[in-house]
Structures are given as structure tokens and as C-alpha cells.
Amino acid sequence: MENYLIAAVLGIIEGLTEFLPVSSTGHLIVFGDFLGFQGPAGKTFEIMIQLGAILALIVVYWRKVFGTVIGLPVDPKARRFALTILIGFLPAMVLGALLADRIEALLDSPTVVAVALILGGIVMLAVEQLRHRPRYGMVEEVPYLTSLLIGFAQTCAMVPGVSRSGATIIGGLLLGLERRTAAEFSFFLAMPTMAAAFTYSAFKHRADLDFHDFGLIATGFVMAFLAALLVVKPFLAIVSRIGFSPFAYYRVALGTLVLVLLYM
């Protein structure tokens with residue numbers, strides 16, 4: 001029962017942090033380590049409950065997702081948007097397949113997470129200080145090459161603690177996306193990326209999972225879904241008004257706290 005309670009707590013943490021540029025995986029590693037969570041083999045739990053957060057994102061943007069899917073056969077704008085997201089997804093798909101095992105070996109290190117949180121926060125603060133003039137105010141306007149470059153930025157998040165959303169948002173800002181647009185583009189890019197990560201992890205660890213594991217995953221999945229539903233729109237409102245600096249300061253503070261706790 002205690003393990004299920006921890007799974008629920010970790011699901012809430014996942015849902016609250018998946019779309020914020022603070023590294024949901026990093027939070028799960030750190031809090032899972034401190035709470036002594038005994039979950040499924042490898043990092044299957046962390047990856048699989050992320051799909052709950054992605055499902056929440058699909059619910060929030062269901063009109064855009066549904067309109068794009070049904071418009072593919074007849075609407076050039078829908079095809080262009082879908083291709084833009086696919087191009088942005090390709091770097092993570094290719095490099096993830098090539099480097100997945102090496103990356104998984106890093107996922108058990110809270111120290112790696114803490115350092116990545118601090119460095120990522122510093123980079124985010126530096127980017128926020130740049131007076132960039134946005135060239136793209138809507139996700140539909142993002143060019144193919146820009147999407148590809150943002151996709152390569154997303155691969156930096158293979159290092160735990162970097163943050164997938166943080167990497168794509170920073171990449172988007174540097175490439176001329178308006179703040180809200182950068183965040184929303186990161187959301188749409190998360191859909192195929194996390195769905196692929198879920199599928200890969202489920203297939204790879206299918207022989208290691210038992211009924212108890214599915215119960216823990218389901219608990220975390222549902223809580224991640226519910227928590228993510230609550231955070232997406234408030235996050236966009238904060239970004240539109242004051243930018244990403246609060247999240248950068250939070251990253252630096254959390255990373256520093258983790259290092260202090262680890263080495264006291």
C-alpha cells in the first residue's frame with residue numbers, strides 16, 4: 001500500500017512538471033530516490049506515467065489534434081503542420097534509438113540531475129535576458145528547418161535533469177518563436193516523442209513486468225493525467241505575462257538543494 005501511495009505522489013509530480021521547463025524525469029528520479037520507491041524494472045514507471053500527462057495535453061488541445069488528423073487527406077495546412085511536428089520529432093527518434101541504453105544507465109543518478117537542473121536554469125536565464133525579436137507567433141508558422149533544429153535541441157533532454165520542454169522552449173526562443181508559441185510547440189512535439197518513448201519502454205521491459213507493476217503504473221498514470229490537466233493553461237498564462245525566469249530560478253534552487261542533501 002505504501003508503494004501505491006508513493007506511486008500516486010510521483011504521478012502528481014509528473015503531471016505538474018512534465019510541461020514545465022524544470023525536468024519531470026529529474027523530479028521523478030530525485031523524489032523516487034528520496035522516497036525509496038520500488039517500482040518496475042529500469043525506469044519503466046517514469047516513462048510510462050508520462051503518457052498520462054501527454055493524454056491530458058491531447059485533451060486540452062483536442063480541437064487542434066482532431067482537426068489536424070481529419071484534415072490530413074484534404075487540408076494542406078493540416079498536412080504542413082503534421083509534417084512540421086514529424087520533422088521536429090525525427091532527431092529524438094533516431095538518437096533515442098541509438099543511445100537509449102547508454103542514457104538509461106545515467107537515469108539513476110540524482111547528482112547528474114542536480115547539475116543539469118542548475119546548468120539548465122543558468123542557460124534559461126541567459127536566454128531570457130537576450131532581446132530577441134519573435135518572428136513566429138503561431139505554431140503553424142514554424143518553418144521545417146526551424147522545427148528540425150528545435151528537434152535537435154530536444155535531444156539534449158536525453159540527459160536527465162535537462163528537461164525536454166526546457167530544451168525545446170530554449171531552442172524555440174533562440175530560433176525566433178514567441179514565448180507562448182515556443183511553449184505550445186514544445187507541447188505538440190511532446191506528443192509523438194513521449195508516445196514513442198512509452199512504446200519503446202513497454203516493449204523492451206515487457207518480460208520484466210508483473211501484475212503488481214501494472215497497478216503501480218496505472219496509479220501513477222491516472223494521477224499524472226489529472227495533475228497535468230490543471231497545469232497547462234496556468235503555465236501558458238505565466239509564460240505570456242512574465243516569461244520563464246521563475247522556472248529558471250526554481251531549477252537552480254532545487255538543483256542546489258539536492259546537491260547539498262546528497263553531500264551533507
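Please count how many residues of the stretch 231-264 are farther than 16 Å from VAL113 by Cα, touching a Leu at 6+ places or on another chain (Cβ under 9 Å) and assigned to a helix (DSSP H, G or I).
Within the stretch 231-264, the subset farther than 16 Å from VAL113 by Cα is 231-246, 264.
Right, trim to touching a Leu at 6+ places or on another chain (Cβ under 9 Å) and you get 231-232, 235, 244-245.
Applying the additional criterion that residues be assigned to a helix (DSSP H, G or I) yields 231-232, 235, 245.
Counting residues in the stretch 231-264 that are farther than 16 Å from VAL113 by Cα, touching a Leu at 6+ places or on another chain (Cβ under 9 Å) and assigned to a helix (DSSP H, G or I) gives 4.
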| field | Yes/no for THR168 being within 16 Å of THR17 (Cα to Cα) and either over 17 Å from the mean Cα position of the chain (by Cα) or of a type in the set (Ser, Thr, Tyr) (or both) | value | yes
| said: Can you find a residue that is free of Cβ contacts under 8 Å to residues at least 40 places away in the same chain, surrounded by 15 or more Cβ atoms within 10 Å (Cβ to Cβ) and in a loop (DSSP other than H, G, I, E, B) anywhere in the stretch 43-65? | reply: no
| Which condition number in (1) surrounded by 13 or more Cβ atoms within 10 Å (Cβ to Cβ); (2) touching a residue at least 60 places away in the same chain (Cβ under 8 Å) is the one that LEU236 fails? | (2)
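Determine, yes or no, whether LEU28 is out of contact with any strand residue (DSSP E or B) (no Cβ under 6 Å at 6 or more places or on another chain), among the hydrophobic types (A, V, I, L, M, F, W, C), without any contact (Cβ under 8 Å) to a residue 24 or more places away in the chain and open to solvent by less than 10 Å² (accessible area, probe 1.4 Å).
Values: out of contact with any strand residue (DSSP E or B) (no Cβ under 6 Å at 6 or more places or on another chain): yes; among the hydrophobic types (A, V, I, L, M, F, W, C): yes; without any contact (Cβ under 8 Å) to a residue 24 or more places away in the chain: yes; open to solvent by less than 10 Å² (accessible area, probe 1.4 Å): yes.
Yes: the conditions hold for LEU28.
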| query | How about the stretch 216-226: which of its residues are touching a residue at least 40 places away in the same chain (Cβ under 8 Å), of a type outside the set (Ser, Thr, Tyr) and either outside any helix (DSSP H, G or I) or open to solvent by 10 Å² or more (accessible area, probe 1.4 Å) (or both)? | reply | ILE217, PHE221, VAL222, MET223, PHE225, LEU226
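The values are calculated or read from the model by the stated rules, or taken from the named source; none is laboratory data. Because the structure is predicted, anything quoted here is derived from the model rather than measured. Cβ coordinates were reconstructed from backbone atoms using ideal geometry, including for glycine residues, and neighbour counts include every protein chain displayed. Calculation scope for accessible area: heavy atoms of the full protein, side chains included, ligands and nucleic acids excluded. Shrake-Rupley method; radii C 1.70, N 1.55, O 1.52, S 1.80 Å.
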